1. Output yes when any residue across the range 137-146 is assigned to a helix (DSSP H, G or I), under 17 Å from the mean Cα position of the chain (by Cα) and among the aromatic types (Phe, Trp, Tyr), and no when none is.
2. Could you list all residues from the range 54-74 that are open to solvent by less than 30 Å² (accessible area, probe 1.4 Å) and of a type in the set (Ser, Thr, Tyr)?
3. Suppose the filter is surrounded by 15 or more Cβ atoms within 10 Å (Cβ to Cβ), touching a Lys or Arg at 6+ places or on another chain (Cβ under 8 Å) and either in a loop (DSSP other than H, G, I, E, B) or in contact (Cβ under 8 Å) with a residue 24 or more places away in the chain (or both); does PHE188 pass it?
4. For the range 53-101, name all the residues that are β-branched (Val, Ile, Thr) and over 18 Å from the mean Cα position of the chain (by Cα).
5. Just give me the residues in the range 1-47 being of a type outside the set (A, V, I, L, M), open to solvent by 20 Å² or more (accessible area, probe 1.4 Å), closer than 25 Å to ALA163 by Cβ and without any contact (Cβ under 8 Å) to a residue 60 or more places away in the chain, in sequence order.
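The values are calculated or read from the model by the stated rules, or taken from the named source; none is laboratory data. Keep in mind it's a predicted model, so treat the numbers as computed, not measured. So basically every Cβ, Gly included, is an ideal-geometry build from the backbone, and we count neighbours across all protein chains shown. When the accessible area is computed, the model is the full protein with side chains, heavy atoms only, and any ligands, DNA or RNA have been set aside. Shrake-Rupley method; radii C 1.70, N 1.55, O 1.52, S 1.80 Å.
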Amino acid sequence: MYKLVGNRATRAFRPLWLLEELGVPYEHVPAAPRSEEVRAVSPLGKVPVLVDGDHVIGDSMAILTYLADKHGAFTHPAGSVARAQQDAWTFRVLDEVDSLLWTAARHSFVVPEEERVPEIKDSLKAEFGRNIVRIAEDLSGDYLAGDAPTVPDFLLAHCLGWARNAKFPDAPDVLVDYLRRLRTRPAFERAAAL
């Protein structure tokens, strides 16, 4: 059985949601970053961490990719053009959305106060606003990489919610509808309730 370490208010929500989608048994340890429970499995203290037998996997995207590949769900086959397009979406969202949100978070509460540069957030929000409009323009169907959700959809949906909570610019209507489609999935609702 898998063990996922990290509370749902962090990037741990992404693999938590995928585990619910997969319907596989898992244990959830809702530990905070740098807590003793996290450091027991990952000395860096970062969340999320997935424990699969003797193997420990850190990083939400590595965990999503591992689980999707292992279970042959919510992904396209490795080596296919569809997988390359899926991966392109994943890397784009990491670069153009997630990294901006994470940098803003770091300058809000992660790095020591004397190292924070709060003024950077205005620039990050402006860049996010431009990027999210282009992503909306490039969304050609219900999901990023096909007719069903795949790994980058878990990432973008999580980031859109994070952006709203962080008071980043509102997403265009097409992405609001996209997020609504994903958030009404029963697995999302179960993960959000944990």
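1. First, pick out the residues of the range 137-146 that are assigned to a helix (DSSP H, G or I): 137-138.
After this cut, where a residue has to be under 17 Å from the mean Cα position of the chain (by Cα) as well, the list is none.
Within the range 137-146, none of the residues are assigned to a helix (DSSP H, G or I), under 17 Å from the mean Cα position of the chain (by Cα) and among the aromatic types (Phe, Trp, Tyr).
2. Across the range 54-74, the qualifying residue is only SER60.
3. Working: surrounded by 15 or more Cβ atoms within 10 Å (Cβ to Cβ): yes; touching a Lys or Arg at 6+ places or on another chain (Cβ under 8 Å): no; either in a loop (DSSP other than H, G, I, E, B) or in contact (Cβ under 8 Å) with a residue 24 or more places away in the chain (or both): yes.
So PHE188 does not fit the description; no.
4. Let us first name the residues in the range 53-101 that are β-branched (Val, Ile, Thr), namely 56-57, 63, 65, 75, 81, 90, 93, 97.
Correct list: VAL56, VAL81.
5. Scanning the range 1-47 gives ASN7, THR10, PRO33, ARG34, LYS46.
Per-residue answers, yes or no, for (1) in contact with a Phe, Trp or Tyr (Cβ under 7 Å, 6 or more places away or on another chain); (2) surrounded by 16 or more Cβ atoms within 10 Å (Cβ to Cβ):
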| site | (1), (2) |
| --- | --- |
| VAL81 | no, no |
| ARG92 | no, yes |
| ILE120 | no, no |
| PHE128 | yes, yes |
| GLU137 | no, no |
| LYS167 | no, no |
